[in-house]
Amino acid sequence: MSIKPDRWIREMCIKHRMIEPFEEKQVRQGVISYGLSSYGYDIRIADEFKIFTNVNTAIVDPKRMDPASMVDFKGPVAIVPPNSFALGRTVEYFRIPRNVLTICLGKSTYARCGIITNVTPFEPEWEGFVTLEISNTTPLPAKIYAHEGIAQVLFFESDEVCETSYKDKAGKYQQQRGITLSKV
């Protein structure tokens with residue numbers, strides 16, 4: 001398995017629609033950067049968020065997510081409360097090839113402010129908008145800028161295809177369109 005460079009990512013996006021919309025160059029002017037980088041792709045966060053709150057004294061249960069534990073927000077800047085988190089989704093839609101696995105890591109611009117982005121790997125033949133978890137580890141409110149970079153995806157290509165892909169398993173998060181809460 002090897003990490004793939006920018007020319008491979010560009011080719012996969014042009015020929016196979018692996019990332020849509022696809023930004024062929026890194027966009028940096030006045031924004032937190034996004035687009036193609038040397039060995040990955042910097043994804044953007046859309047302008048819709050589910051911000052967790054304790055107003056209704058709900059309990060976070062991964063088997064039964066209670067919508068009362070979050071507030072829906074749509075806008076250019078989301079404020080994540082201190083020591084809390086929000087869910088968001090990518091602007092980009094992904095179609096992962098059968099012989100590829102990705103790892104996604106938060107951008108240093110946010111990490112240096114105590115804001116951590118968590119995403120699980122994109123498995124072979126998974127597709128959809130990515131649901132992102134953004135944690136504010138600080139005692140202060142934190143701004144998240146919609147339509148700007150939030151994390152970097154690294155692509156690993158195997159010499160052979162996997163025996164069972166995410167699509168083969170009929171994965172529960174396949175082809176997700178919006179922010180998707182946890183499912184069992």
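Coordinate-derived values only; no laboratory data. Here the structure is a predicted model, which means the values were calculated and not measured. Virtual Cβ from ideal backbone geometry, glycine too; neighbours counted across all protein chains shown.
The distance linking segment 61-103 with segment 138-174 is 11 Å (Cα centroid to Cα centroid, whole angstrom). Summing Cβ point charges (Lys, Arg +1; Asp, Glu -1) relative to the Cα centre of segment 2-157 gives a dipole of roughly 220 debye.
Among the listed pairs 15/143; 25/169; 143/183; 15/63; 15/172, give every one whose C-alpha distance is greater than 32 Å.
On the way: 15/143 36 Å; 25/169 34 Å; 143/183 28 Å; 15/63 39 Å; 15/172 27 Å.
Too far apart for the 32 Å limit: 15/143; 25/169; 15/63.
Can you classify the chain as rounded, prolate or oblate using the Cα gyration tensor, where a ≥ b ≥ c are the square roots of its eigenvalues, rounded means a/c under 1.5, and otherwise it's prolate if a/b beats b/c and oblate if not? It is oblate, given that a/c is not under 1.5 and a/b is not larger than b/c. 3J(HN,Hα) along segment 122-132, derived from phi through the Karplus expression 6.51 cos²θ - 1.76 cosθ + 1.60 where θ = phi - 60°, amounts to 8, 7, x, 6, 7, 8, x, 7, 8, 8, 10 Hz, with x in place of Gly and Pro. Helix 6-16 sits at what angle to the longest principal axis of the chain, using alpha carbons and giving 0 to 90 degrees rounded to 10? Here the helix axis deviates by roughly 90 degrees. About its Cα centre, the dipole of segment 16-61 is roughly 120 debye, where the only charges are +1 on Lys and Arg Cβ and -1 on Asp and Glu Cβ.
Ranked by the mean number of other Cβ atoms within 10 Å of their residues, highest first, the peptides 23-34, 77-88, 40-51 come out as 40-51, 77-88, 23-34.
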